[in-house]
Amino acid sequence: MGFFDRRRPETEDDEPDDEDELDEPRATYLGGVVPIEALVARSESAAVAVRHVVAYPDGFEFTVEVWVRLPAPRRRPWEPIMLELVGYPPGKDPPPEFLRFGIEFPDGATVTNLDAGPWETSPDATQPEHGMESQHGSGSYGHHEQTMWAWPVPDADDGVVAFVCEWPAYDIAETRYEIDAGELRRAAGRARAVWPDLTGPSHVTRSAITGTLSTQTMRSQRREAEE
């Protein structure tokens, strides 16, 4: 099985928490920086880099930066750079223009931007122990930057965290770039709360937002049915 072969996640039928996750106070952190500007992969027509790695107690943030340089005969008036499958039919293989990107943790767990976990649609599912979500991005034809949030921070100094990418449309085969897990862990240890009296997660993920909204909708529907 290749790194980007799609995996079918297992669902979990846990009861929803009494308190919505988004209602928890968020801590504001000055994250610890891992000094990385890595050109992960490059071909004649495209390149993929990882930079701006910032670690927090509950995960780490980084930027995926990509460039496209097509020969004149292959140029099109507009060809967006695809880093997300939002709105793409589920179960269908992604097009070759889609950049496959993922992480392998020291314990062997992997996460990719192909994953479609049940926590995104099921309000009573728990968030996975390992995950990766896009936070925000910007760009234009030929260049794009995407900020990603991944969790957890490795709990041991041994091993590596590998960034893996593959981009079939631009002749980039499966390629990996490894960083020392201990370096990431030490950076997370340097993170400091801006206001120590505020506790909670440093980031709110899109899955948490979706799960909370789904839970609120279900509770509202139950109340309406009981009235």
Where a residue in the stretch 193-206 is open to solvent by 40 Å² or more (accessible area, probe 1.4 Å) and in a loop (DSSP other than H, G, I, E, B) and its partner, wherever it lies, is modelled with pLDDT of 85 or more and not β-branched (Val, Ile, Thr), with Cβ under 8 Å and at least six apart: VAL194/TYR29; VAL194/LEU30
Inspect all residues belonging to the stretch 20-30 and state whether any of them is surrounded by fewer than 19 Cβ atoms within 10 Å (Cβ to Cβ), in a strand (DSSP E or B) and modelled with pLDDT of 60 or more. yes
Can you find, within the stretch 44-87, the residue that is surrounded by the most Cβ atoms within 10 Å (Cβ to Cβ) among those that are over 26 Å from TRP149 (Cα atoms) and at pLDDT 85 or above? SER45
Quick one: is THR147 modelled with pLDDT under 75 and either touching a His at 6+ places or on another chain (Cβ under 7 Å) or within 24 Å of LEU99 (Cβ to Cβ) (or both)? no
Complete set of residues in the stretch 94-127 that are open to solvent by 30 Å² or more (accessible area, probe 1.4 Å), modelled with pLDDT of 80 or more and either of a type in the set (Ser, Thr, Tyr) or over 27 Å from PRO168 (Cβ atoms) (or both): PRO106, ASP107, THR110
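The values are calculated or read from the model by the stated rules, or taken from the named source; none is laboratory data. Please read these numbers as outputs of a predicted model, since none were measured by experiment. Don't worry about glycine lacking a Cβ; one is built from the backbone with ideal geometry, like all the others, and counts go over all protein chains shown. Surface areas here come from the heavy atoms of the whole protein model, side chains and all, with no ligands, DNA or RNA. Shrake-Rupley method; radii C 1.70, N 1.55, O 1.52, S 1.80 Å.
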